[in-house]
Structures are given as structure tokens and as C-alpha cells.
Amino acid sequence: MTSDKKSIAILAEIFVKKGLRHIVISPGSRNAPIIIAFASHRNVEALSIVDERSAAFFALGVAQQTGKTVAIACTSGSAALNYAPAIAEAYYQKIPLLILTADRPAEMIDMGDGQTIRQKNVYANYVKKSYELPSEINTGDEFNKTDQTINEAINLTVSPDSGPVHINLPFAEPIYNQVENMDWGIDIVDPNQEIKSIDKTELASLAKVWNSSSKKLLLAGMMKPNPGLCRVLGKITKDGSVVLLTETTSNLKSEDCACPCIDKVVSAISENEKTNFQPELLITFGGHVISKMVKQFIRTNKPVHHWHIDPVETNMDTYQCLTKSIPLRPMDFFAQLLPEVEPVNSGFQSLWESRNERSEQRHRDYLNTIGYSDLKVFESLLNNIPEGSHLQLGNSTPVRYVQLFKPFKKLNYFSNRGTSGIDGVVSTAAGATFVSGKPTTLITGDLAFFYDSNALMNNYLNGDLRIVIINNSGGGIFRFIPGPDTTGHLEQFFEAKHNLKAKYIAKAYDIPYYSASNLSELNSILEYFYSPHNGKAAILEIFTPNEKNAVILRAYFEYLKSNNGINR
């Protein structure tokens with residue numbers, strides 16, 4: 001059976017015929033036709049999550065892992081507005097979501113009906129495109145137009161690059177009627193996945209710049225694991241004039257010529273050394289870069305040439321020195337450039353490697369001397385996360401602390417760094433774990449956990465998920481960044497200081513709970529925390545000293561760039 005609303009019945013059928021499977025639906029009445037069309041389909045895995053904000057982030061986590069378009073569906077009115085944070089994150093992180101919002105017919109808008117707002121184009125700034133399907137389909141031309149629109153909308157979620165697309169669906173009553181499945185004579189149009197190439201003349205021009213530059217800096221942002229790209233970059237960086245800077249969220253695991261902890265290296269470059277580290281050619285690729293230090297370094301030490309590689313974001317000028325945009329996938333660009341490159345005699349790579357080695361040694365020395373703190377907790381956690389795990393990172397301090405530790409296990413790193421908000425981190429991790437089949441650890445701050453605790457009101461949490469909460473009684477980042485402590489409002493309005501604990505939230509949802517307040521407790525608990533829990537997720541809450549954390553982290557960066565001993 002399917003809905004008698006032809007628009008949604010056609011949509012569900014095209015969705016399936018395109019090889020898509022997952023839809024996350026939040027309960028409602030006006031979206032009854034969507035529920036009937038999708039939940040009744042034998043080839044659809046329809047999930048029900050009450051909170052629309054959590055549901056959308058859960059779907060984002062599923063799409064993050066599968067790389068396939070995931071649909072989300074809600075009723076009309078303010079329910080649709082709750083999708084906005086996840087849609088914005090998907091837009092800036094380039095994750096394929098198909099947003100289906102049920103609506104009243106156009107003639108009922110602004111007529112005083114309940115759950116009725118102006119929904120058409122409601123996400124205009126944060127989707128690739130918005131569509132609205134007709135309330136009724138009565139002619140062959142209307143059918144063909146609807147078929148074409150749905151194909152176009154779904155294809156746009158993945159081509160030429162991924163992102164969210166919105167379809168608004170006005171439904172007139174009655175909305176609960178069902179009909180037998182019908183042979184609609186549907187046409188399927190596949191997305192254009194053509195691999196683009198650089199024109200020979202342009203490639204020769206790029207190669208000339210490359211081969212004449214003795215100081216080349218490749219800077220990778222957030223990306224999914226890509227072994228093929230990693231192999232090509234391994235060949236590119238055998239040249240002594242090439243340096244590859246990565247972060248854990250770049251998921252580039254090459255040991256060759258990579259500085260995997262940008263802040264550890266850039267923070268250790270003194271003012272009179274900056275020209276030595278300044279590149280002549282900068283090539284950026286991937287998503288957003290976490291390090292503010294490298295952004296500031298390049299903005300004040302600009303290269304002669306800056307190429308940005310991205311199939312869509314052609315004008316992304318993060319470093320305020322963009323000279324050329326190349327609309328290709330990074331893998332395709334470097335693969336096409338590789339045969340044209342010539343080795344250049346240069347000490348640029350060894351200069352960066354030497355500073356990286358010095359910073360890494362100082363990092364180890366410093367950690368051996370400090371006491372219990374956030375920094376020491378992250379060392380212990382990263383040493384104990386099972387190899388081969390997926391690591392989901394909350395924003396603010398968690399993702400920044402992890403950047404200080406080079407990847408030494410086969411971990412894959414993920415984080416909501418599209419908009420970098422704290423909302424939805426637990427829901428995203430839950431969705432990612434639901435489909436990945438991998439043990440997954442989420443490390444999040446206390447505020448982000450409490451903000452998204454509705455993620456636990458979910459029937460799809462599984463035993464592979466481990467949630468680690470670093471509870472330093474508020475937004476610890478605001479004790480580290482300069483400014484908030486000078487306002488007189490640090491604790492109440494910036495840090496949002498609190499005495500909350502997650503213990504009873506875990507109890508309410510019947511989730512195994514552990515806690516630790518010192519290193520001895522933490523190290524003794526971790527083995528049990530990562531053991532099986534009868535198919536259940538588990539929570540570990542680690543309480544750390546908020547004032548001491550900031551002092552230790554500031555001293556850490558001072559030590560990295562100092563020639564003196566450790567000053568705590």
C-alpha cells in the first residue's frame with residue numbers, strides 16, 4: 001500500500017529506485033502521506049525519532065557514514081524550523097540530505113490554521129535548492145513534471161557535490177487514505193558523476209608554477225577517509241620542497257612528510273623565523289580547517305600563489321590570498337598534476353619536519369610533568385580507544401585537544417565542523433554508529449551533551465556507541481581564549497558555569513554510566529567502559545578542574561615555543 005497523494009507516492013518510488021534506503025521521520029499528522037508512502041515500502045528503512053532537531057542530526061550521521069542521501073520528514077509548522085541547525089551543518093559540511101516537509105495547501109497559508117507557517121523556501125540560505133510539489137496531479141504533463149522535479153532534487157543532493165535539498169509537500173485533506181501500489185511508469189535520471197580534467201594548456205601553466213616553487217605548502221581540511229588521495233599525496237610529498245599539513249579530521253594517515261598537528265608546529269614558530277616557513281605556493285583542499293593559528297600565520301605571511309581545490313566552493317578565500325580556484329575533486333587534481341611535477345632541491349620540507357619533531361618531543365616532555373587536567377585526560381583516552389574505532393568529536397575544546405595528539409592508531413575522525421556548533425553532536429554520533437558497524441567513541445563537552453540529551457530518546461542506540469563527557473562545569477574554551485575573562489561576565493554568560501551531572505539522564509534512558517574524577521579512576525574504568533554492555537551504549541563522565549585546565553593549556557603552548565624549561 002501507499003498514499004493516495006500521488007506526489008509523495010512517486011517520490012518514495014523514485015527514492016527507492018535510485019538505491020536509497022534511509023528516512024528519519026518525526027511523528028505528526030500533516031506528514032501522514034509521507035509516513036504511509038515510505039514506512040509501508042518494503043525497500044525503505046524508516047526510522048522514527050520524536051525530536052526533529054535530533055532526528056535531523058541523526059540522519060546527518062547516517063549520511064556521513066554511508067555517503068548516500070538520507071531523507072528526513074516532518075509535519076508542518078515549527079517542526080520544520082527545528083531541522084535548521086542540522087541542515088546548515090549538512091550544507092557547510094557537504095552531506096547529502098533530502099528534507100521533506102509536509103505543509104498545508106497554499107490557499108491555507110496565513111489563514112489562521114494551526115501548525116501553519118510560511119514554509120516555502122524556508123531554508124533558502126542553507127540548501128542547494130528548494131522545490132515544492134503540486135498538491136494534486138491530474139494530467140500526464142503534471143505527472144511528467146513531478147517525475148522530473150523529484151529526479152532533479154534527489155540528484156542535486158550528490159552532484160556536482162553533496163549537500164541538502166528541500167522539497168515542500170502541500171497536502172489537502174483527507175491525508176490518511178491509502179491505495180494499492182501502482183505501476184507509475186516512472187523515469188529514473190542518474191546524477192552526472194563525470195570526472196573533470198584540467199585543460200592541457202592550463203595544466204602546463206600550473207605545473208610551471210609548481211616546478212618553479214621551492215616552498216610548497218599543502219593544507220588539508222576536514223575530509224572523509226580517502227586511501228586513494230592518501231597514496232597520491234604520498235608520491236607528491238617525496239619532493240623536498242613540499243610540506244603537507246593535516247589535522248586529525250583530515251583523515252590523511254600518511255606518515256610521509258605530514259605535520260599532523262598544525263597548532264603544535266605553527267605555535268612554535270617565532271616571529272623572526274616566519275619568513276623561513278612562509279610558502280611560495282599554498283594549495284588548500286578539503287573542508288574547514290580547525291587551526292586558527294595556521295589561518296593567522298598564512299594571512300600575515302601570504303604566499304605568492306594560492307590555489308584552492310574544490311569542485312564547487314570555487315571562491316573560498318579563507319586565507320585572504322586566493323589567486324586561483326580549480327573546480328576539481330582533490331584526488332582528480334593531484335592525480336592529473338603528478339605526471340607533470342619535477343623534484344626541486346629545497347630544505348623546506350626538512351625545516352617543517354624538524355620543527356614538528358621538536359614540538360612532538362616537547363609535547364611528550366610536558367605531558368610527563370603535568371597533573372590531572374583536560375590535557376592529561378585526552379592523552380589517557382586516546383591511548384585506550386580501541387584500534388580501528390571511529391572517533392566523533394564535539395566542538396569547542398574536544399576537537400581542539402585531539403588535534404594536539406598525532407594519530408597513532410587506525411582511527412577515523414569525524415566532527416560537525418561545517419558550522420562548528422555544539423548542537424547535535426550526540427545525535428550525529430548515534431546516527432553514524434547506527435550504520436557504520438564500527439566501535440564509535442564520541443568525546444564531547446558537558447554543555448554540548450546536555451544541550452543534545454534528547455539524542456538518548458532514541459530506539460536506535462546500539463552497543464558500539466561510547467559517549468565520553470568531559471565535564472569541566474561549563475564552556476572550558478572561554479577560559480582559554482583571550483577576552484571573556486576581562487568582561488566580568490565569564491562564569492555566568494560565557495562559561496555558563498553549572499553543577500550538573502549526567503548520571504540521572506543516563507539512568508532515565510537505562511544507559512550504563514561510569515564516572516571518574518582523577519587519572520587513577522579513569523584508567524581503571526576504561527577497560528570496563530569499552531567492554532560489551534548487552535547491546536547497549538555506555539556513558540563515561542569525566543570531571544576535570546576547569547580553572548586549572550586553562551592554566552595548563554596556556555603553559556603548554558608557551559613551552560612549545562620557548563627555549564626554556566617547563567613553567568607551570
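The values are calculated or read from the model by the stated rules, or taken from the named source; none is laboratory data. Bear in mind that the values here come from a model prediction, so they are computed numbers and not experimental data. Quick reminder, even Gly has a Cβ in these numbers, built from the backbone with ideal geometry, and neighbours come from all protein chains shown.
Looking at the stretch 423-432, is at least one residue closer than 23 Å to CYS259 by Cβ and of a type outside the set (Ser, Thr, Tyr)?
no
Kindly list, by first and then second residue, each pair from a residue in the stretch 67-96 that is in the same structural domain as SER159 (by TED's automatic domain parsing) to a residue that is surrounded by 24 or more Cβ atoms within 10 Å (Cβ to Cβ) and aromatic (Phe, Trp, Tyr), limited to pairs with Cβ atoms under 6 Å and residues at least 6 apart or on different chains.
Sorted first by the residue in the stretch 67-96, then by its partner, the pairs are ALA86/PHE57.
Could you please give the count of residues in the stretch 278-293 that are over 12 Å from the mean Cα position of the chain (by Cα) and in a loop (DSSP other than H, G, I, E, B)?
4
Here is a list: CYS230, CYS259, CYS321. Which entry is in the same structural domain as VAL341 (by TED's automatic domain parsing), modelled with pLDDT under 95 and surrounded by fewer than 21 Cβ atoms within 10 Å (Cβ to Cβ)?
None of the other options fit; the residue is CYS230.
Restricting attention to the stretch 402-436, which residues are in contact (Cβ under 8 Å) with a residue 40 or more places away in the chain and of a type in the set (Phe, Trp, Tyr)?
Once the filter is applied, which keeps residues that are in contact (Cβ under 8 Å) with a residue 40 or more places away in the chain and of a type in the set (Phe, Trp, Tyr), the stretch 402-436 yields PHE405, TYR413, PHE414, PHE434.
Please identify the pairs in which a residue from the stretch 278-290 that is touching a residue at least 12 places away in the same chain (Cβ under 8 Å) has its Cβ atom under 6 Å from the Cβ atom of a residue that is among the hydrophobic types (A, V, I, L, M, F, W, C) and in a loop (DSSP other than H, G, I, E, B), counting only partners at least 6 apart or on another chain.
GLU280/VAL304; GLY286/MET222; GLY286/MET223; GLY287/MET222; HIS288/MET222
Show me the helices (runs of 4 or more DSSP H) entirely contained within the stretch 404-520 in which 3 or more residues are modelled with pLDDT of 95 or more and of a type in the set (Val, Ile, Thr).
425-436
Kindly evaluate GLU340 against the criterion of being among the charged types (D, E, K, R) and farther than 30 Å from GLY474 by Cβ.
yes
Under 6 Å between Cβ atoms, which residue pairs at least 6 apart in sequence (or on different chains) link something in the stretch 138-149 that is closer than 21 Å to LYS18 by Cα and modelled with pLDDT of 95 or more with a partner that is surrounded by 18 or more Cβ atoms within 10 Å (Cβ to Cβ) and polar (S, T, N, Q)?
Short answer, once both residue conditions are applied: THR146/SER7.
In the stretch 398-408, is there at least one residue being touching a Leu at 6+ places or on another chain (Cβ under 9 Å), in the same structural domain as ASP446 (by TED's automatic domain parsing) and surrounded by fewer than 17 Cβ atoms within 10 Å (Cβ to Cβ)?
yes
Could you grab me the full set of residues in the stretch 292-318 that are modelled with pLDDT under 95 and touching a Leu at 6+ places or on another chain (Cβ under 9 Å)?
Across the stretch 292-318, the qualifying residues are ASP310, PRO311, ASN315, MET316.
Scan the stretch 294-315 residue by residue and report those that are part of a helix (DSSP H, G or I) and touching a helix residue (DSSP H, G or I) at 6+ places or on another chain (Cβ under 9 Å).
VAL294, GLN296, PHE297, THR300
Do you know which residues across the stretch 328-367 are in a helix (DSSP H, G or I), of a type in the set (Lys, Arg) and touching a residue at least 40 places away in the same chain (Cβ under 8 Å)?
ARG355, ARG358, ARG362
When you look at GLN392, is it surrounded by 14 or more Cβ atoms within 10 Å (Cβ to Cβ) and in contact with a strand residue (DSSP E or B) (Cβ under 6 Å, 6 or more places away or on another chain), yes or no? Write out each step before concluding.
Values: surrounded by 14 or more Cβ atoms within 10 Å (Cβ to Cβ): yes; in contact with a strand residue (DSSP E or B) (Cβ under 6 Å, 6 or more places away or on another chain): yes.
When the stated conditions are applied, GLN392 passes them.
In the stretch 203-223, what residues are farther than 14 Å from ASP310 by Cβ and in contact with a Ser or Thr (Cβ under 6 Å, 6 or more places away or on another chain)?
SER214, LYS216 - these are the residues of the stretch 203-223 that are farther than 14 Å from ASP310 by Cβ and in contact with a Ser or Thr (Cβ under 6 Å, 6 or more places away or on another chain).
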